[in-house]
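Data block below; observations after.
The values are calculated or read from the model by the stated rules, or taken from the named source; none is laboratory data. Keep in mind it's a predicted model, so treat the numbers as computed, not measured. Reconstructed Cβ throughout: ideal geometry from the backbone, glycine too, with neighbour counts over all protein chains shown. Surface accessibility is based on the protein's heavy atoms, side chains included, excluding ligands, DNA and RNA. Shrake-Rupley method; radii C 1.70, N 1.55, O 1.52, S 1.80 Å.
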Amino acid sequence: MAAPNSSSPESNESEHSDAAARLAWYDAQRRTTPTEEPVPEDDREGFHRHDGFFLRMGLGVGMGGLLLLRDDPEGLTSAGVLPRESEDWRSAWVGQQSLSVGGCVVDNLAIYLDVRGVVDVVLSEPDDPQRGTGFVGIGLSYYFMPSNVYLSGSVGPGSTVRTYYRDWHDARHERGDYNPDYEYYNGVGASLSLGKEWWVHDNWGVGMETGLLYSYAAGWRDSTVWTELHSMAVTLGISATFN
């Protein structure tokens, strides 16, 4: 003879109703409690945006030229006292360096202190003096987004130096006493550059840059000869920007 069922119909109905009530309560809690959804990558603060602190470094190579003009009222050039003609053009392969530090005033527009210069690395003639040109100025850079292409320009006071690595000697006049190691003149410099960068981190971009640098420097040599130096360079290089 089978044993009678220990649970009554009333108790089964009570258990079912309690389970349904608990499920309904948990479901209500799940619906009313806000869940924290992950922030999309594109919406993170500062992610792939040009704002805040700005730092850019650049290195490049290219072709440069130097136009030398001398006003020679005393006739020192024709007398063989000066090592170069009164009008002279020299070209050479150059290396370019730049450092820009500042910040964005609005999105995609940065203003910064720009330190920039070029130096001859391969001279067209072994006896040519090596030219170095640099300036420190104020620069602006604007990024065209989302392509991350930028246009930059800067201007400021600078200088140009010509360094002689070999004593100049005038065989005709046997003058070897007017042989300074370098010529140094102050002036002004300006640059214009166009670049394209690719994001490699949240705030870091690396890319390519082409630039044009021009500087003008002038002064008296030995208090008798007025000298003007027009220095130019076209370069292609790499840039790295933190912003």
For this session: Would you grab the residues whose amide H sits under 5 Å from the one on I138? Only those 5+ places off in sequence or on another chain, please, with H modelled 1.01 Å from N.
Result: D114, V155
Seminar exercise, completed: With x for Gly and Pro, the residue-by-residue ³J(HN,Hα) of the range 108-125, computed from phi through the Karplus equation 6.51 cos²θ - 1.76 cosθ + 1.60 at θ = phi - 60° and given in whole Hz, is 6, 10, 10, 10, 7, 8, 10, 10, 8, x, 9, 9, 5, 10, 9, 8, 5, 10
For this session: Could you do me a favour and compute the accessible area per residue for the range 98-137, 1.4 Å probe, result in Å²?
Result: 43
Exercise. Residues with amide H under 5 Å of H50's amide H, sequence separation 5 or more or different chain, H placed in the peptide plane at 1.01 Å from N; which?
Worked result: N108
Seminar exercise, completed: Lys and Arg at +1, Asp and Glu at -1: neighbours of Y185 with Cβ under 12 Å from its Cβ sum to +2
